[in-house]
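The values are calculated or read from the model by the stated rules, or taken from the named source; none is laboratory data. All of these numbers come straight from a predicted model, not from anything done at the bench. So basically every Cβ, Gly included, is an ideal-geometry build from the backbone, and we count neighbours across all protein chains shown. For the accessible areas, the whole protein counts, side chains as well, though only heavy atoms, and no ligand, DNA or RNA atoms are used. Shrake-Rupley method; radii C 1.70, N 1.55, O 1.52, S 1.80 Å.
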Amino acid sequence: MGADGGSGVCAPEPGALLSPRNGAALRSCGPGLLCDGERRWPVVAGIPWLRTGREDLRRRAVRSIEAGDHEEAALVLLADNDDWWDGPAPSRDALRAALGAATLHRAVTLLGMGRVGEYFLHRWSDPTWLAVLALTARHSPGRLPVLELACGAGHLLRELLLRGHRDVTGTDVVFAKLWLARRFVAPTARLVCADVTAPWPLRPPGRPAYVACHDALYFLPRQEEVVRRAVVYAGGGGVVLGHCHNALVDGPAAGFPRDPAGWRALLPGALCYDDADLTRAALDGTPPRPRTTAALAGCEAMALVSASPPAPGHGPRSVARPVPGRPLRLNPLYADGALRWPGKRWREEYGPGARAYLPARVDPSPALLADARAGRLTPQVAELARRRVLLDLPERW
(Lines give C-alpha, C1' and ligand atoms only; values in the text may rest on other atoms or scores of the structure.)
Protein backbone atom coordinates (compact mmCIF):
# COMPACT_ATOMS: atom_id res chain seq x y z
CA MET A 1 0.00 0.00 0.00
CA GLY A 2 1.39 3.41 -0.90
CA ALA A 3 1.33 6.57 1.18
CA ASP A 4 -1.82 7.75 -0.53
CA GLY A 5 -3.99 4.72 0.12
CA GLY A 6 -4.68 1.22 -1.10
CA SER A 7 -7.28 -1.18 -2.35
CA GLY A 8 -9.93 -2.60 -0.08
CA VAL A 9 -10.11 0.50 2.11
CA CYS A 10 -13.53 1.19 3.58
CA ALA A 11 -13.94 4.87 2.71
CA PRO A 12 -16.57 7.15 4.28
CA GLU A 13 -19.70 7.60 2.22
CA PRO A 14 -20.21 10.99 0.53
CA GLY A 15 -21.63 13.44 3.04
CA ALA A 16 -20.82 11.18 6.00
CA LEU A 17 -18.00 13.49 7.11
CA LEU A 18 -18.43 17.00 8.43
CA SER A 19 -15.88 19.76 8.77
CA PRO A 20 -14.79 20.12 12.41
CA ARG A 21 -14.37 23.85 11.75
CA ASN A 22 -17.63 24.97 10.10
CA GLY A 23 -19.83 21.84 10.22
CA ALA A 24 -20.27 21.70 6.44
CA ALA A 25 -20.43 18.37 4.64
CA LEU A 26 -17.01 17.44 3.27
CA ARG A 27 -16.78 16.76 -0.44
CA SER A 28 -13.96 15.44 -2.59
CA CYS A 29 -12.10 18.25 -4.36
CA GLY A 30 -9.37 16.19 -5.99
CA PRO A 31 -7.31 13.08 -5.27
CA GLY A 32 -6.50 12.99 -1.57
CA LEU A 33 -8.38 16.19 -0.72
CA LEU A 34 -11.68 17.09 0.95
CA CYS A 35 -13.24 20.54 1.02
CA ASP A 36 -15.70 22.22 3.40
CA GLY A 37 -16.21 25.34 1.25
CA GLU A 38 -13.59 27.32 3.18
CA ARG A 39 -10.55 25.08 3.50
CA ARG A 40 -9.12 21.82 2.22
CA TRP A 41 -8.35 18.74 4.30
CA PRO A 42 -5.84 15.99 3.46
CA VAL A 43 -6.62 12.30 2.99
CA VAL A 44 -3.56 10.04 3.28
CA ALA A 45 -3.62 6.22 3.13
CA GLY A 46 -7.39 6.51 2.81
CA ILE A 47 -7.54 8.28 6.20
CA PRO A 48 -9.18 11.72 6.29
CA TRP A 49 -7.10 13.97 8.57
CA LEU A 50 -9.54 16.29 10.36
CA ARG A 51 -7.70 17.54 13.45
CA THR A 52 -8.30 21.04 14.79
CA GLY A 53 -5.65 23.30 16.30
CA ARG A 54 -3.04 22.15 13.75
CA GLU A 55 -3.55 24.69 10.95
CA ASP A 56 0.09 24.76 9.86
CA LEU A 57 0.16 20.96 9.68
CA ARG A 58 -3.06 20.90 7.64
CA ARG A 59 -1.72 23.47 5.18
CA ARG A 60 1.60 21.65 4.75
CA ALA A 61 -0.09 18.33 4.08
CA VAL A 62 -2.57 19.89 1.64
CA ARG A 63 0.21 21.69 -0.26
CA SER A 64 2.12 18.43 -0.60
CA ILE A 65 -0.94 16.62 -1.96
CA GLU A 66 -1.70 19.45 -4.36
CA ALA A 67 1.88 19.12 -5.63
CA GLY A 68 1.35 15.39 -6.12
CA ASP A 69 3.78 14.47 -3.33
CA HIS A 70 1.69 12.07 -1.24
CA GLU A 71 4.77 10.68 0.46
CA GLU A 72 5.67 14.11 1.82
CA ALA A 73 2.10 14.53 3.08
CA ALA A 74 2.41 11.20 4.89
CA LEU A 75 5.71 12.26 6.47
CA VAL A 76 4.16 15.51 7.68
CA LEU A 77 1.23 13.74 9.35
CA LEU A 78 3.24 10.83 10.74
CA ALA A 79 5.40 13.29 12.68
CA ASP A 80 2.40 14.62 14.63
CA ASN A 81 1.45 13.24 18.05
CA ASP A 82 -0.71 13.72 21.14
CA ASP A 83 -0.24 16.94 23.07
CA TRP A 84 0.84 14.89 26.11
CA TRP A 85 3.49 12.82 24.32
CA ASP A 86 6.93 13.42 25.83
CA GLY A 87 9.06 11.04 23.77
CA PRO A 88 11.66 12.14 21.21
CA ALA A 89 10.45 12.89 17.72
CA PRO A 90 11.56 10.44 15.01
CA SER A 91 13.87 11.73 12.29
CA ARG A 92 12.60 12.26 8.76
CA ASP A 93 14.81 9.40 7.61
CA ALA A 94 13.16 7.09 10.17
CA LEU A 95 9.69 8.24 9.12
CA ARG A 96 10.54 7.65 5.47
CA ALA A 97 11.83 4.19 6.30
CA ALA A 98 8.62 3.47 8.24
CA LEU A 99 6.61 3.97 5.06
CA GLY A 100 8.33 0.90 3.64
CA ALA A 101 8.44 -1.16 6.84
CA ALA A 102 7.51 -4.79 6.24
CA THR A 103 6.20 -5.49 9.76
CA LEU A 104 4.26 -3.83 12.54
CA HIS A 105 7.21 -4.38 14.88
CA ARG A 106 9.61 -2.56 12.56
CA ALA A 107 7.16 0.26 11.89
CA VAL A 108 6.53 1.13 15.57
CA THR A 109 10.31 1.14 16.12
CA LEU A 110 10.96 3.51 13.22
CA LEU A 111 8.08 5.76 14.29
CA GLY A 112 9.72 6.14 17.71
CA MET A 113 6.60 5.08 19.60
CA GLY A 114 8.47 3.82 22.66
CA ARG A 115 6.13 2.60 25.42
CA VAL A 116 3.10 3.15 23.17
CA GLY A 117 4.69 0.93 20.55
CA GLU A 118 5.23 -1.82 23.14
CA TYR A 119 1.59 -1.46 24.12
CA PHE A 120 0.45 -1.88 20.51
CA LEU A 121 2.75 -4.83 19.80
CA HIS A 122 1.67 -6.75 22.89
CA ARG A 123 -1.88 -5.52 23.30
CA TRP A 124 -3.14 -9.04 22.53
CA SER A 125 -1.44 -10.30 25.72
CA ASP A 126 -2.31 -7.74 28.40
CA PRO A 127 -5.03 -8.09 31.06
CA THR A 128 -6.94 -5.00 29.91
CA TRP A 129 -7.30 -6.58 26.45
CA LEU A 130 -8.89 -9.64 28.02
CA ALA A 131 -11.29 -7.24 29.75
CA VAL A 132 -12.14 -5.70 26.35
CA LEU A 133 -12.85 -9.16 24.92
CA ALA A 134 -15.09 -10.15 27.85
CA LEU A 135 -16.98 -6.86 27.78
CA THR A 136 -17.45 -6.95 24.00
CA ALA A 137 -18.55 -10.57 24.11
CA ARG A 138 -21.12 -9.81 26.81
CA HIS A 139 -22.30 -6.56 25.21
CA SER A 140 -21.79 -7.30 21.54
CA PRO A 141 -22.56 -4.76 18.83
CA GLY A 142 -24.62 -7.46 17.13
CA ARG A 143 -25.30 -6.07 13.67
CA LEU A 144 -25.10 -2.40 14.63
CA PRO A 145 -22.58 -0.11 12.96
CA VAL A 146 -19.54 0.31 15.24
CA LEU A 147 -17.62 3.46 16.08
CA GLU A 148 -14.55 3.12 18.28
CA LEU A 149 -13.19 6.33 19.77
CA ALA A 150 -9.43 6.55 20.36
CA CYS A 151 -9.05 3.25 18.52
CA GLY A 152 -5.24 3.41 18.42
CA ALA A 153 -3.83 0.85 15.99
CA GLY A 154 -7.21 -0.82 15.48
CA HIS A 155 -6.96 -3.96 17.62
CA LEU A 156 -10.69 -4.16 18.42
CA LEU A 157 -11.66 -3.18 14.88
CA ARG A 158 -9.60 -6.11 13.63
CA GLU A 159 -11.30 -8.58 15.96
CA LEU A 160 -14.74 -7.41 14.82
CA LEU A 161 -13.82 -7.52 11.13
CA LEU A 162 -12.44 -11.06 11.48
CA ARG A 163 -15.80 -12.15 12.90
CA GLY A 164 -18.01 -10.78 10.18
CA HIS A 165 -18.64 -7.16 11.15
CA ARG A 166 -18.37 -4.89 8.15
CA ASP A 167 -19.55 -1.45 9.25
CA VAL A 168 -16.70 -0.49 11.59
CA THR A 169 -15.14 2.95 12.02
CA GLY A 170 -12.22 4.01 14.18
CA THR A 171 -11.10 7.49 15.14
CA ASP A 172 -7.93 8.63 16.83
CA VAL A 173 -6.15 11.92 17.26
CA VAL A 174 -2.76 10.50 16.20
CA PHE A 175 -2.40 9.82 12.49
CA ALA A 176 0.54 7.43 12.96
CA LYS A 177 -1.61 5.08 15.04
CA LEU A 178 -4.30 4.97 12.37
CA TRP A 179 -1.64 4.47 9.71
CA LEU A 180 -0.49 1.34 11.60
CA ALA A 181 -4.09 0.15 11.62
CA ARG A 182 -4.40 0.73 7.88
CA ARG A 183 -1.07 -0.88 7.01
CA PHE A 184 -0.94 -3.85 9.39
CA VAL A 185 -3.82 -4.38 11.81
CA ALA A 186 -7.21 -3.54 10.28
CA PRO A 187 -6.59 -2.60 6.63
CA THR A 188 -10.26 -2.52 5.57
CA ALA A 189 -11.63 -0.52 8.52
CA ARG A 190 -12.99 2.99 8.00
CA LEU A 191 -10.55 5.34 9.77
CA VAL A 192 -10.71 9.06 10.55
CA CYS A 193 -8.06 11.17 12.27
CA ALA A 194 -9.91 13.57 14.55
CA ASP A 195 -10.03 14.87 18.11
CA VAL A 196 -13.15 13.63 19.95
CA THR A 197 -12.96 16.63 22.29
CA ALA A 198 -13.55 18.92 19.27
CA PRO A 199 -16.73 18.94 17.12
CA TRP A 200 -17.07 15.45 15.68
CA PRO A 201 -16.57 15.16 11.90
CA LEU A 202 -18.74 12.03 11.77
CA ARG A 203 -22.38 12.37 10.89
CA PRO A 204 -24.55 10.00 13.00
CA PRO A 205 -25.66 7.02 10.89
CA GLY A 206 -29.38 7.74 11.33
CA ARG A 207 -30.02 4.42 13.05
CA PRO A 208 -28.88 2.82 16.32
CA ALA A 209 -25.11 2.39 16.56
CA TYR A 210 -22.53 0.97 18.94
CA VAL A 211 -19.93 3.39 20.28
CA ALA A 212 -16.93 2.08 22.23
CA CYS A 213 -14.01 3.79 23.96
CA HIS A 214 -11.49 1.55 25.73
CA ASP A 215 -8.50 2.51 27.87
CA ALA A 216 -8.67 6.13 26.75
CA LEU A 217 -11.54 8.12 28.25
CA TYR A 218 -9.64 8.87 31.46
CA PHE A 219 -7.00 10.64 29.34
CA LEU A 220 -9.51 13.00 27.74
CA PRO A 221 -10.57 16.42 29.00
CA ARG A 222 -14.22 17.44 28.65
CA GLN A 223 -15.36 13.88 29.33
CA GLU A 224 -18.99 14.93 29.79
CA GLU A 225 -19.04 16.37 26.28
CA VAL A 226 -17.38 13.31 24.75
CA VAL A 227 -19.86 10.90 26.36
CA ARG A 228 -22.82 13.13 25.48
CA ARG A 229 -21.77 13.07 21.82
CA ALA A 230 -21.29 9.31 22.00
CA VAL A 231 -24.85 8.87 23.29
CA VAL A 232 -26.23 11.09 20.53
CA TYR A 233 -24.25 9.21 17.88
CA ALA A 234 -25.40 5.83 19.26
CA GLY A 235 -29.02 6.91 18.82
CA GLY A 236 -30.41 4.38 21.26
CA GLY A 237 -27.85 1.69 20.43
CA GLY A 238 -25.07 1.13 22.96
CA VAL A 239 -22.21 3.07 24.53
CA VAL A 240 -19.33 1.06 26.02
CA LEU A 241 -16.66 2.80 28.09
CA GLY A 242 -13.86 0.45 29.10
CA HIS A 243 -10.98 0.71 31.58
CA CYS A 244 -11.86 3.97 33.30
CA HIS A 245 -9.35 4.61 36.09
CA ASN A 246 -10.70 4.92 39.64
CA ALA A 247 -9.63 8.12 41.41
CA LEU A 248 -10.16 6.42 44.81
CA VAL A 249 -7.29 4.00 44.19
CA ASP A 250 -3.63 4.96 43.96
CA GLY A 251 -2.33 4.43 40.46
CA PRO A 252 -0.94 6.27 37.44
CA ALA A 253 -1.30 10.03 37.83
CA ALA A 254 -1.85 10.63 34.10
CA GLY A 255 -5.20 11.75 32.79
CA PHE A 256 -8.42 12.68 34.55
CA PRO A 257 -9.64 9.72 36.64
CA ARG A 258 -12.98 9.80 38.50
CA ASP A 259 -14.48 7.81 41.33
CA PRO A 260 -17.02 5.12 40.33
CA ALA A 261 -20.02 7.36 41.06
CA GLY A 262 -18.40 10.11 38.98
CA TRP A 263 -17.94 7.80 36.02
CA ARG A 264 -21.49 6.51 36.23
CA ALA A 265 -22.81 10.07 36.33
CA LEU A 266 -21.51 10.43 32.76
CA LEU A 267 -23.72 7.54 31.63
CA PRO A 268 -26.75 7.40 33.97
CA GLY A 269 -28.32 3.98 34.25
CA ALA A 270 -25.24 2.21 32.87
CA LEU A 271 -24.22 -1.27 33.96
CA CYS A 272 -20.85 -1.14 35.72
CA TYR A 273 -18.08 -3.74 35.84
CA ASP A 274 -14.77 -4.18 37.65
CA ASP A 275 -12.00 -4.47 35.05
CA ALA A 276 -10.37 -7.28 37.04
CA ASP A 277 -13.67 -9.20 37.01
CA LEU A 278 -13.82 -8.81 33.24
CA THR A 279 -10.33 -10.24 32.83
CA ARG A 280 -11.23 -13.22 35.02
CA ALA A 281 -14.45 -13.73 33.06
CA ALA A 282 -12.47 -13.93 29.81
CA LEU A 283 -10.17 -16.54 31.33
CA ASP A 284 -12.99 -18.55 32.92
CA GLY A 285 -15.36 -18.31 29.96
CA THR A 286 -18.15 -17.02 32.21
CA PRO A 287 -20.38 -13.93 31.85
CA PRO A 288 -19.08 -10.98 33.90
CA ARG A 289 -21.31 -9.68 36.69
CA PRO A 290 -22.31 -6.01 36.97
CA ARG A 291 -21.40 -4.23 40.22
CA THR A 292 -22.79 -1.30 42.17
CA THR A 293 -20.66 1.82 42.34
CA ALA A 294 -20.21 1.21 46.07
CA ALA A 295 -18.83 -2.27 45.39
CA LEU A 296 -16.39 -0.75 42.88
CA ALA A 297 -14.76 1.62 45.39
CA GLY A 298 -11.61 -0.53 45.58
CA CYS A 299 -11.23 -1.45 41.90
CA GLU A 300 -8.35 -0.02 39.92
CA ALA A 301 -10.45 0.54 36.80
CA MET A 302 -14.05 0.00 35.74
CA ALA A 303 -16.21 -0.25 32.64
CA LEU A 304 -19.66 1.15 31.88
CA VAL A 305 -22.22 -0.05 29.33
CA SER A 306 -25.49 1.65 28.43
CA ALA A 307 -27.05 -1.35 26.66
CA SER A 308 -28.25 -4.76 27.82
CA PRO A 309 -26.63 -7.89 26.38
CA PRO A 310 -28.13 -8.90 23.03
CA ALA A 311 -30.05 -12.13 22.62
CA PRO A 312 -27.84 -15.22 22.20
CA GLY A 313 -26.79 -15.86 18.62
CA HIS A 314 -27.56 -12.28 17.50
CA GLY A 315 -24.87 -11.08 15.15
CA PRO A 316 -21.41 -12.38 14.18
CA ARG A 317 -19.18 -14.62 16.29
CA SER A 318 -18.09 -13.65 19.80
CA VAL A 319 -14.72 -11.93 20.06
CA ALA A 320 -13.97 -14.04 23.13
CA ARG A 321 -13.23 -17.17 21.06
CA PRO A 322 -10.71 -17.72 18.26
CA VAL A 323 -12.03 -17.77 14.71
CA PRO A 324 -12.01 -21.36 13.41
CA GLY A 325 -9.57 -21.80 10.57
CA ARG A 326 -7.49 -18.76 11.48
CA PRO A 327 -3.79 -19.53 12.04
CA LEU A 328 -2.55 -19.08 15.61
CA ARG A 329 1.07 -18.36 16.52
CA LEU A 330 3.13 -18.66 19.65
CA ASN A 331 2.98 -15.44 21.65
CA PRO A 332 6.11 -13.40 20.81
CA LEU A 333 6.59 -12.78 24.55
CA TYR A 334 8.11 -16.28 24.58
CA ALA A 335 11.75 -16.69 23.55
CA ASP A 336 13.20 -20.20 23.63
CA GLY A 337 10.20 -21.25 25.70
CA ALA A 338 10.73 -18.62 28.42
CA LEU A 339 8.36 -15.73 29.13
CA ARG A 340 10.15 -12.41 28.64
CA TRP A 341 8.52 -9.01 29.16
CA PRO A 342 9.01 -6.44 26.37
CA GLY A 343 10.17 -3.65 28.70
CA LYS A 344 10.16 -2.25 32.23
CA ARG A 345 7.03 -0.15 31.75
CA TRP A 346 5.04 -3.05 30.29
CA ARG A 347 6.31 -5.44 32.97
CA GLU A 348 5.29 -3.09 35.79
CA GLU A 349 1.88 -2.21 34.37
CA TYR A 350 0.71 -5.52 32.91
CA GLY A 351 3.11 -8.17 34.16
CA PRO A 352 1.46 -8.79 37.56
CA GLY A 353 -1.92 -9.49 35.95
CA ALA A 354 -0.52 -11.37 32.96
CA ARG A 355 1.29 -13.85 35.21
CA ALA A 356 -2.14 -15.23 36.15
CA TYR A 357 -2.53 -16.77 32.70
CA LEU A 358 0.84 -16.68 30.92
CA PRO A 359 2.99 -19.56 32.21
CA ALA A 360 6.67 -18.85 32.91
CA ARG A 361 7.67 -21.49 30.36
CA VAL A 362 5.97 -23.27 27.49
CA ASP A 363 7.09 -26.19 25.39
CA PRO A 364 4.33 -26.92 22.87
CA SER A 365 4.85 -29.98 20.72
CA PRO A 366 5.45 -29.65 16.97
CA ALA A 367 2.08 -31.36 16.39
CA LEU A 368 0.27 -28.82 18.56
CA LEU A 369 1.95 -25.91 16.79
CA ALA A 370 1.02 -27.45 13.44
CA ASP A 371 -2.61 -27.66 14.56
CA ALA A 372 -2.44 -24.01 15.67
CA ARG A 373 -0.95 -22.82 12.38
CA ALA A 374 -3.67 -24.68 10.51
CA GLY A 375 -6.40 -23.10 12.63
CA ARG A 376 -7.50 -26.45 14.09
CA LEU A 377 -9.05 -25.62 17.47
CA THR A 378 -8.28 -28.83 19.30
CA PRO A 379 -8.92 -28.72 23.06
CA GLN A 380 -5.22 -28.09 23.71
CA VAL A 381 -5.00 -25.33 21.11
CA ALA A 382 -8.17 -23.69 22.41
CA GLU A 383 -6.84 -23.77 25.99
CA LEU A 384 -3.54 -22.15 25.03
CA ALA A 385 -5.41 -19.54 22.99
CA ARG A 386 -7.60 -18.75 26.00
CA ARG A 387 -4.47 -18.21 28.08
CA ARG A 388 -2.90 -16.02 25.35
CA VAL A 389 -0.02 -18.44 24.79
CA LEU A 390 -1.26 -18.78 21.22
CA LEU A 391 -2.42 -15.64 19.42
CA ASP A 392 -4.14 -14.65 16.19
CA LEU A 393 -1.70 -11.91 15.25
CA PRO A 394 -1.66 -9.74 12.12
CA GLU A 395 0.05 -11.52 9.27
CA ARG A 396 2.88 -8.98 9.28
CA TRP A 397 3.30 -8.59 13.02
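Worth pointing out:
- Residues being in contact (Cβ under 8 Å) with a residue 60 or more places away in the chain, closer than 17 Å to residue 337 by Cβ and either touching a helix residue (DSSP H, G or I) at 6+ places or on another chain (Cβ under 6 Å) or small (Gly, Ala, Ser) (or both) - total across region 362-397: 3
- Which listed residue, of 222, 229, is charged (D, E, K, R) and at positive phi: 222
- Only residues that are open to solvent by 20 Å² or more (accessible area, probe 1.4 Å), part of a helix (DSSP H, G or I) and more than 30 Å from residue 358 (Cα to Cα) were counted across region 256-286, and they come to 4.
- Within region 185-201, the residues that satisfy the criterion of being open to solvent by less than 10 Å² (accessible area, probe 1.4 Å), more than 19 Å from residue 22 (Cα to Cα) and not in a strand (DSSP E or B) are 185, 186, 189.
- Residue 276 meets the conditions (1) touching a Gly at 6+ places or on another chain (Cβ under 9 Å); (2) of a type in the set (A, V, I, L, M); (3) under 26 Å from residue 199 (Cβ atoms) in every case but one. The failed one is (3).
- The residues in region 84-114 that are open to solvent by 60 Å² or more (accessible area, probe 1.4 Å), in contact (Cβ under 8 Å) with a residue 12 or more places away in the chain and within 11 Å of residue 184 (Cβ to Cβ) can be counted, and the count is 2.
- Number of residues in region 237-255 that are under 21 Å from the mean Cα position of the chain (by Cα) and outside any strand (DSSP E or B): the value is 4.
- Residues in region 339-383 that are part of a helix (DSSP H, G or I) and closer than 17 Å to residue 122 by Cβ: 344, 345, 346, 347, 348, 349, 350, 351, 352, 353, 354.
- Qualifying position, being out of contact with any His (no Cβ under 9 Å at 6 or more places or on another chain), over 30 Å from residue 238 (Cβ atoms), aliphatic (A, V, I, L, M) and buried (at least 21 other Cβ atoms within 10 Å of the Cβ), among 43, 76: 76
- Of the criteria (1) open to solvent by 20 Å² or more (accessible area, probe 1.4 Å); (2) outside any loop (DSSP other than H, G, I, E, B); (3) touching a Gly at 6+ places or on another chain (Cβ under 9 Å); (4) charged (D, E, K, R), which one residue 143 fails: (2)
- Filtering 291, 228, 258 for residues that are within 22 Å of residue 130 (Cα to Cα) and among the charged types (D, E, K, R) leaves a single hit, 291.
- Region 213-236: number of residues that are in contact (Cβ under 8 Å) with a residue 40 or more places away in the chain and over 20 Å from the mean Cα position of the chain (by Cα): 1
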